[in-house]
Amino acid sequence: VSIIIKHHEYQVLETDLTPQKGKSTIVRLKPISVLSAVEVEEREGNRLSLRAFDEVNPAILSTPSVGGEADALNSVKLLPGVQNITFGTQGLQVRGGSPDQNGIMLDGIPVYKTFHLLGLFSIFNPSSINSVRVYKDAFPSKFNNRLSSVMDIGLKNGNKQKLETTANIGVLSSGIFINGPIVKNKLSFSASARRTYADVIALPLQDYQNRGMSKKVNTSLWSYDLFAKLHYQVNDKNQINLSAYNGGDQLNIKTRLNLADALQTEEQTDAALGWRNNLIGIGWNSTLGSRIFLRMQNSVSTYAVHFSDAYTLANAETNHGSSSSFSNGLQDIRSTLDVDIAWNKSNMLNVGVGNVFYSFSPFSRSFNSFLDENSTDTALKTNEIVTQERFVYLENKSYFEGGNVTYGARISSFRTGGVRYNRFQPKLLLIQNINKKMQLRFGLLTSNQFLHLVPN
């Protein structure tokens with residue numbers, strides 16, 4: 001078999017391989033060095049891609065967004081059928097769908113909040129991203145629980161040979177990406193951190209503006225992202241990876257009013273609004289023989305919103321105030337098992353099962369008030385709602401000259417409030433190249449989405 005291996009950071013490799021039963025081959029590419037010349041040639045027989053997804057080249061993931069920030073999802077907006085929505089709202093519209101109908105996966109783990117600062121830029125730091133695949137019609141059966149699109153984003157495993165560091169400085173934020181070996185050729189890590197710093201600049205300016213004023217106002221708005229991944233190449237047939245993310249937005253508003261009266265009255269307010277994403281997942285990939293590839297993953301993903309406010313009024317005669325807080329959120333715990341079987345040279349069979357527990361905390365509110373020595377505390381909280389989704393799928397891809405056809409089905413079951421909803425989701429996708437510039441695609445897919453409006 002003659003193969004060509006391409007990667008935007010390494011030299012192109014053309015080689016011949018002889019497949020042997022039970023044997024795996026690891027190919028190491030050479031980094032791109034300074035070249036004296038580059039020759040570009042057009043190869044005869046190049047055809048349109050037969051992939052069922054659009055892939056964003058990691059080399060252009062640093063396309064700037066508003067404010068000059070590098071943004072992985074900003075490049076996705078350049079794809080046909082994808083558009084940004086009105087400024088001040090968050091998310092992408094894919095072929096007319098709403099943002100909550102897009103499934104965003106990070107190394108196969110769902111992310112429920114994907115944009116910062118009212119949609120200015122996404123949470124994904126391009127330095128830590130290895131690949132972005134966008135499915136706009138024929139979703140993988142494993143992720144066929146969204147109506148509009150599925151975006152599968154993969155983190156870099158980390159260099160297993162040497163330590164690398166990259167720093168990004170932008171108008172709104174700055175960040176750092178570091179990766180390298182822990183055990184050479186075996187265990188590697190990658191990590192990135194990014195934070196906006198408008199609040200760091202704005203607070204001293206606000207303090208300067210507030211000088212000599214009876215009423216002082218301080219406002220700060222910031223966001224941050226932390227990505228990390230460990231990748232362990234156990235042997236030629238087994239690898240384990242651990243992926244994690246933590247990030248969110250925070251808005252704080254504080255006021256202080258000093259009245260130059262006989263009672264020395266002081267009034268203060270303090271309000272905060274923020275959301276957080278947290279996720280962690282561990283996966284095991286294994287090659288069983290020469291025809292079977294197995295993937296297992298367990299993950300936890302949470303999303304929460306919190307709001308709080310406080311007010312106090314104090315003088316020589318009295319001291320009273322109040323405070324309150326509100327929060328809601330969800331937790332997603334899932335386990336999946338996927339098996340790819342190359343049962344002959346023209347057919348690839350994919351089968352898998354999954355189980356997901358969703359825990360919703362719709363409403364939690366507390367209120368406190370005090371007047372001198374007397375105080376009142378009140379807490380209101382709704383019962384946690386736990387739902388469960390199970391699915392099993394089977395699909396086969398058959399290859400033929402100039403095209404392929406994928407057919408299969410997914411059976412999903414969703415239980416909530418004592419009611420179970422069962423859905424049968426067939427899938428058919430035909431891709432056929434007619435010539436170098438024209439391709440025929442025909443698809444039939446049934447999708448069912450059980451969770452709606454979560455990013456709101």
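The values are calculated or read from the model by the stated rules, or taken from the named source; none is laboratory data. Just so it is clear, the structure is predicted and the values come from calculations on it, not from any experiment. Cβ atoms come from the backbone with ideal geometry, glycine included; neighbour counts cover every protein chain shown. Keep in mind that these areas ignore ligands, DNA and RNA; they rest on the heavy atoms of the full protein, side chains included. Shrake-Rupley method; radii C 1.70, N 1.55, O 1.52, S 1.80 Å.
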Matching residues in segment 379-396 - criterion: being closer than 30 Å to Ala304 by Cα, open to solvent by less than 60 Å² (accessible area, probe 1.4 Å) and assigned to a strand (DSSP E or B): Thr387, Gln388, Glu389, Phe391
Tabulated pairs, segment 151-172, first touching a residue at least 60 places away in the same chain (Cβ under 8 Å) and more than 12 Å from Asn130 (Cβ to Cβ), second open to solvent by 90 Å² or more (accessible area, probe 1.4 Å) and in a loop (DSSP other than H, G, I, E, B), C-beta under 8 angstrom, 6+ apart or interchain: Lys160/Lys184
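Among the residues that make up segment 409-422, is at least one of them touching a residue at least 40 places away in the same chain (Cβ under 8 Å) and more than 17 Å from Asn144 (Cα to Cα)?
No.
Yes/no per residue for (1) of a type outside the set (A, V, I, L, M); (2) modelled with pLDDT under 90; (3) under 28 Å from Leu92 (Cβ atoms):
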residue	(1), (2), (3)
Asn157	yes, no, yes
Val171	no, yes, yes
Pro181	yes, no, no
Val200	no, yes, no
Met213	no, yes, no
Asn252	yes, no, no
Failed criterion for Thr376 (all others in (1) open to solvent by 50 Å² or more (accessible area, probe 1.4 Å); (2) in contact with a helix residue (DSSP H, G or I) (Cβ under 8 Å, 6 or more places away or on another chain) hold): (2)
Scope segment 207-232; condition surrounded by 18 or more Cβ atoms within 10 Å (Cβ to Cβ) and polar (S, T, N, Q); matching residues: Ser223
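This table checks each residue for (1) free of Cβ contacts under 8 Å to residues at least 40 places away in the same chain; (2) out of contact with any Lys or Arg (no Cβ under 8 Å at 6 or more places or on another chain).
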| position | (1), (2) |
| --- | --- |
| Ala198 | yes, yes |
| Ala202 | yes, yes |
| Leu205 | yes, yes |
| Asn235 | yes, yes |
| Asn246 | yes, no |
| Gln268 | no, no |
Failed condition for Leu79, given (1) at pLDDT 80 or above; (2) assigned to a loop (DSSP other than H, G, I, E, B); (3) touching a helix residue (DSSP H, G or I) at 6+ places or on another chain (Cβ under 8 Å); (4) not hydroxyl-bearing (Ser, Thr, Tyr): (3)
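Looking at Ile176, Ile182 in this structure, which one is more than 30 Å from His452 (Cα to Cα), surrounded by fewer than 18 Cβ atoms within 10 Å (Cβ to Cβ), touching a Phe, Trp or Tyr at 6+ places or on another chain (Cβ under 7 Å) and among the hydrophobic types (A, V, I, L, M, F, W, C)? Full working, then the answer.
Numbers: Ile176 fails: touching a Phe, Trp or Tyr at 6+ places or on another chain (Cβ under 7 Å).
Every option except Ile182 fails the conditions.
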Output for segment 9-32, where each listed residue is within 36 Å of the chain's Cα centre (by Cα), open to solvent by 70 Å² or more (accessible area, probe 1.4 Å) and farther than 22 Å from Gln233 by Cα: Gln11, Val12, Glu14, Ile32
Failed criterion for Pro204 (all others in (1) within 30 Å of Gln161 (Cα to Cα); (2) open to solvent by 70 Å² or more (accessible area, probe 1.4 Å) hold): (1)
Any pair with Cβ under 9 angstrom, 6 or more apart, that starts in segment 1-26 at a residue that is over 22 Å from Lys156 (Cβ atoms) and outside any loop (DSSP other than H, G, I, E, B) and ends at one that is open to solvent by less than 70 Å² (accessible area, probe 1.4 Å) and modelled with pLDDT under 85: Ile3/Val27; Thr15/Val27
Filtered residues of segment 324-373 (kept if surrounded by fewer than 17 Cβ atoms within 10 Å (Cβ to Cβ), aromatic (Phe, Trp, Tyr) and over 30 Å from Gln20 (Cα atoms)): Phe326, Phe357, Phe363, Phe367, Phe370
Residues satisfying the stated conditions in segment 286-323, i.e. over 30 Å from Leu263 (Cβ atoms), modelled with pLDDT under 90 and open to solvent by 60 Å² or more (accessible area, probe 1.4 Å): Leu288, Ser290, Arg291
Those residues of segment 115-136 which are assigned to a loop (DSSP other than H, G, I, E, B) and open to solvent by less than 20 Å² (accessible area, probe 1.4 Å), in sequence order: Ile123, Phe124, Asn125
